[in-house]
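Trainee: Encoded as structure tokens, here's the structure I'll be asking about.
The values are calculated or read from the model by the stated rules, or taken from the named source; none is laboratory data. In this text the structure is predicted, and so the values were computed from the model without any measurement. Ideal geometry is used to build each Cβ from the backbone, glycine not excepted, and the neighbour counts take in all protein chains shown. What goes into the accessible areas is simple: the full protein's heavy atoms, side chains included, and nothing from ligands, DNA or RNA. Shrake-Rupley method; radii C 1.70, N 1.55, O 1.52, S 1.80 Å.
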Amino acid sequence: GAILARTGGGLGPFIDRTPGEVPLQFEPGSPAMLAAGEVRILVAEGAKPPAAIAGSEPDGAGRVVIETVWPELDGGRTPVKRVVGEAVEVWADIFSDGHDKIAAAILYRPEDEPEWRRAPLRFVDNDRWAGSFPLDRNARYVFTIEGWRDPFASWLHEIQAKQAAGVDVTLETIEGLQIAEEAAVQATGTGEAAALQGILDRLFAETKGSAAQLALLLDPHNAALIGRHAERVNLSRYDRELGVVADRLAARFSAWYEIFPRSMSHDPDRHGTFDDVIAHLPYVQGMGFDVLYFPPIHPIGFRNRKGKNNSLTAEPGDVGSVYAIGSEAGGHEAIHPDLGDFASFRRMVDAAHAHGLEIALDFAVQCSPDHPWIKQHPEWFEYRPDGTMKYAENPPKKYEDIYNVQFYGESKPALWYALRDAVLFWCRERVRIFRVDNPHTKPLPFWKWLIAEVNAAYPDALFLAEAFTRPKMMRALAKIGFQQSYTYFTWRDTKAELTEYMTELAHTSMGEYYRPNFFANTPDINPVYLQTSGPAGFIVRGTLAATLSSVYGIYNGFELCEAALYRKEEYFDSEKYAIRAWDFDRPGNIRDHITKLNRIRRDNPALWDFRNITFLNAYNDNILAYLRMTKERDNAVMVLVNLDPKNRQECTYEVPLWEFGIPDHGAIGVEDLLKGGSFSLNGKSHRIALDPVDRPVVIWRLVPPPAQAAP
């Protein structure tokens, strides 16, 4: 946008300059600029300079100052994220001139309701006020703050001080009567109007300014009633409304398990079906997962089909990449014929729900050369100078089997509606979770619009942003609506890296809008750490994913310690291009450990919110120690992890007795959530050895004595 500038005291037009230009009138720091006074600069796309205000009449608004409001992100442009059933903690600095008492309240409402609800703010100290309001349904809320000078509270303070000093308060009593009269007027039409009128009748029955009148005004019941309806003098409202998105708990707490349905036949020569998936559900349920996630289940194109390991030439029988969406059988609203029909899909969804599992689908905005949209809407795609369609590239990578759509020009708005309608189609099929493939390569305005449109119809729909890209783009995707986000966890291996990254996610403003989903592996990523670390490494990374973040996931094969390398971080015979047969009972698997992790997560509310993490002292750079604890301190989980999958590591570590008000020489109970059994730890400092062979990690529930449970 343009830069618009003028002197603060001037009433003339703004000086219009494009970015990078220097106005000829002023040089920074020059006498001319200093003489001119404040220079106001406005940088905004399409911004209009304010009109001149010469001769305007002062209205006195804003006598009660409201500032430093929290939670507020990006000047109110970004809503914070919470979960239904929680209370939103709010605070602000609120003050006014003079010595009069002030009062304040939170105004809040679901965005689709016209009437404001109110919640009180209480004075904390140093002009800081705090309060909260409840989130009782899955919706977007808005809130703001009002502050006012409170005449009745000021009167009470004044008269009590004068009474204590022995000063005559006859006139002050009459002032109190006037405040009560005004309160009765303010209460008109409310359920307490009659009660206030009754108080007035009793007041008028007494001599004006008398001790009897004063006693009635100071009666606690009467005073509370008058105070609730006293005039709100110099009422001020914060100059913006702030947003809160109240999601269901699964947005912040869930465990994902990823499979390719076509591999569920357990026969590399037979394409799996939804009925094969149904047969596999007890296995997934048995490990304790909440979400069963499928890569695309749509028809796959034939032209430019990829072979095994992303080969450019497909051999007879090669099934192609699931991301090459679309054939004569249909596109984004169709099912691959070899998986089954919609009757079998619905049967599978029913069975998944019966096993306590939600189905998540991949939403990949791309088309194979055979997708119906290619013929129906050629204007939705990009073309090269020679007239050929432009296939997808991420140099040096090439994706000859898919074409990307273009979102602007002739495509807008028809393409946007088509993609939205595809998501709504699957919502009607009782799918409420979507993992979005590469959202960072599509326009942010599109995602903001699409998620808002879908959530307006299905507030419980959740979107996971699969974006491994620049940090600011990843944060922007979360801000514009994605309920969950992929992270850099996959590449954070050392104690310093993990501590720094989790601190950023949990204890900066990111914790207010960015919900990390710690996938320990994916079909695209076979991390270097796992390639050479053996079962101990999988236990370590699985434990970190499940206990550092409240949302995590694994791609099937993780529990089997699958680490066969093709190149760099890619799997050999990747399922993206071929059907695989998995031996889910093969020796060396860590299925029991994954099952215990998910049970521990469900049984301990401390693990339901990633923002409560505290890192603890463990004096060895190979051992990471941390505490997860509820606000009420009624559930606390302590984790120690040996990050070295090859060697036994020892350290002195500290038990966080101080969190429970227990002195350094005190004791705390411990339940071993992995091995079983209970014991006590006496004192703050202890020593431990963690051996990859038999105990690379420990997970303990800390149980303080009853007197220290809630200090």
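Trainee: Mind grabbing the accessible area of V454 for me, 1.4 Å probe, Å², rounded to tens?
Mentor: 0
Trainee: Can you figure out the FRET efficiency of D219 with Y408, using R₀ = 60 Å and their beta-carbon distance, to the nearest 0.05?
Mentor: For R0 = 60 Å, the calculated efficiency reads 0.30.
Trainee: Could you tell me which trypsin sites (Lys or Arg not before Pro) in segment 276-314 are loop residues by DSSP with no more than 16 other beta carbons within 10 angstrom of their beta carbon?
Mentor: Passing both the DSSP loop test and the Cβ count: R303.
Trainee: Still on this structure, please answer the following. Quote the FRET efficiency, to the nearest 0.05, computed for D583 versus E504 with a Förster distance R0 of 30 Å and r equal to the Cβ-Cβ distance.
Mentor: 0.15
Trainee: When a/c is below 1.5 the answer is rounded, else prolate if a/b is larger than b/c, else oblate, so apply that to segment 137-207 with a ≥ b ≥ c taken from the square roots of the Cα gyration tensor eigenvalues.
Mentor: Because a/c hits 1.5 or more and a/b fails to exceed b/c, segment 137-207 counts as oblate.
Trainee: Please compute, for the alpha-carbon atoms of segment 234-360, the extent along each of the three principal axes and give them in descending order in Å.
Mentor: Principal-axis extents of the Cα atoms in segment 234-360, largest first: 80, 36, 28 Å.
Trainee: Calculate I(q)/I(0) for segment 390-438 by the Debye formula, one identical point scatterer on each C-alpha and no solvent, and give its log10 at q = 0.13, 0.19, 0.33 Å⁻¹ to two decimals.
Mentor: Normalising to I(0) and taking log10 leaves -0.46, -0.83, -1.11.
Trainee: Work out, step by step, the length gained on full extension between K568 and K375: first 0.36 nm times the residue separation, then minus their alpha carbon distance; give nm to one decimal.
Mentor: Here the segment from K568 to K375 would lengthen by 65.7 nm.
Trainee: Please work out the Kirkwood hydrodynamic radius for segment 556-711, using every pair of different C-alpha atoms, and report it in angstroms with one decimal place.
Mentor: 17.7
Trainee: Now a separate question. Expressed as a whole percentage, what fraction of the accessible surface of the chain belongs to carbon and sulfur atoms when a 1.4 Å probe is rolled over the protein heavy atoms?
Mentor: Percent of accessible area from carbon and sulfur atoms in the chain: 52.
Trainee: How many nm is it between the label spots at H665 and D634, if each spot is 7 Å from the Cα in line with the beta carbon?
Mentor: So the label points at H665 and D634 sit 3.3 nm apart.
Trainee: Please give the FRET efficiency for A689 paired with E497, using the beta carbon to beta carbon distance and R0 = 30 Å, rounded to the nearest 0.05.
Mentor: 0.80
Trainee: Taking the Cα atoms only, what angle lies between the long axis of helix 220-229 and the longest principal axis of the chain, rounded to 10 degrees?
Mentor: The angle comes out at about 70 degrees.
Trainee: Something else now. I'd like the orientation of helix 274-286 relative to the chain: the angle between its Cα long axis and the longest Cα principal axis, in ° from 0 to 90, rounded to 10.
Mentor: In the chain, helix 274-286 runs at an angle near 60 degrees to the longest axis.
Trainee: Under 13 Å Cα-Cα from K596, which aspartates and glutamates qualify once same-chain neighbours fewer than 8 residues away are excluded?
Mentor: E559, D672
Trainee: Moving to a separate point now. If we count every other residue with Cβ under 12 angstrom of I579's Cβ, Lys/Arg +1 and Asp/Glu -1, where does the sum land?
Mentor: Combined, the nearby Lys, Arg, Asp and Glu give -2.
Trainee: What whole-number volume per residue, in cubic angstrom, does the convex hull of the C-alpha atoms of segment 339-466 give?
Mentor: Spread over its residues, the Cα hull of segment 339-466 gives 136 Å³ apiece.
Trainee: Using alpha carbons only, how many degrees (0 to 90, rounded to 10) separate the axis of helix 151-164 from the longest principal axis of the chain?
Mentor: Once rounded, the angle reads 50 degrees.
Trainee: What's the local net charge at S368, with K and R +1, D and E -1, over the other residues with C-beta under 9 Å away?
Mentor: Spelling it out: positives minus negatives among the neighbours equals 0.
Trainee: Given the Cα-Cα distance of H99 and Y417 and 0.36 nm per residue of separation, how much length would full extension add, in nm?
Mentor: Going from the current span to full extension adds 108.7 nm.
Trainee: Taking a 25 Å limit on the Cα-Cα distance, which of the listed pairs K442/K568; K448/K472; K390/K479; K397/K568 fall beyond it?
Mentor: Over 25 Å apart, Cα to Cα: K442/K568; K390/K479.
Trainee: Moving to a separate point now. Let me have the relative contact order for the chain, percent, based on Cα pairs under 8 Å that are six or more residues apart.
Mentor: Computed value for the chain: 9 percent relative contact order.
Trainee: OK, next. Ignoring everything except DSSP H segments at least 4 long, calculate the 222 nm mean residue ellipticity for the chain; use -39,500 (n - 2.57) per segment, divide by total residues, nearest 500.
Mentor: Computed ellipticity for the chain at 222 nm equals -8000 deg cm²/dmol.
Trainee: Turning to a different aspect of this structure: Can you list the trypsin sites (Lys or Arg not before Pro) in segment 501-584 that are in a DSSP coil and have 10 or fewer other beta carbons within 10 angstrom?
Mentor: Answer by residue number: K568.
Trainee: Send over a whole-number figure in Å² for the accessible area per residue of segment 129-177, probe 1.4 Å.
Mentor: So segment 129-177 comes to 40 Å² accessible per residue, rounded to a whole number.
Trainee: What figure in square angstrom, to the nearest 10, would you give for the accessible area of W700 with a 1.4 Å probe?
Mentor: Roughly 10 Å² of W700 is accessible to a 1.4 Å probe.
Trainee: Follow-up. I need two numbers for segment 271-317: Rg to one decimal and Dmax as a whole number, Cα atoms only, in Å.
Mentor: 15.1, 40
Trainee: In nanometres, what is the gap between the two model label sites at N682 and T652, each 7 Å from Cα along Cα-to-Cβ?
Mentor: 1.9
Trainee: I've got another one for you. Where does the charge balance sit around T494 when Lys and Arg score +1, Asp and Glu -1, over other residues with C-beta under 14 Å from its C-beta?
Mentor: Combined, the nearby Lys, Arg, Asp and Glu give -2.
Trainee: Rounded, prolate or oblate: which fits segment 45-169 when a ≥ b ≥ c are the square roots of the eigenvalues of the alpha-carbon gyration tensor, with rounded for a/c under 1.5 and prolate only if a/b beats b/c?
Mentor: Taking the square roots of the gyration eigenvalues as a ≥ b ≥ c, segment 45-169 is oblate.
Trainee: Given N residues in segment 393-475, what is its alpha carbon radius of gyration divided by 2.2 N^0.38 Å?
Mentor: 1.17
Trainee: Charges on Cβ only, +1 for Lys and Arg, -1 for Asp and Glu, centred on the Cα centroid of the chain; of Q186, N138, V90, which one is farthest towards the dipole's positive end?
Mentor: Sorting the options by dipole projection puts first N138.
Trainee: Cα centroid distance between segment 356-397 and segment 238-269, in Å?
Mentor: What the calculation gives is 24 Å, centre to centre.
Trainee: Another question, if that's okay. With the other protein chains left in place, how much accessible area per residue, in square angstrom, belongs to segment 481-576 at a 1.4 angstrom probe?
Mentor: Per residue, segment 481-576 has an accessible area of 27 Å².
Trainee: Once each part is reduced to its C-alpha centroid, what is the distance from segment 627-657 to segment 123-193 in angstrom?
Mentor: Going from one Cα centre to the other spans 48 Å.
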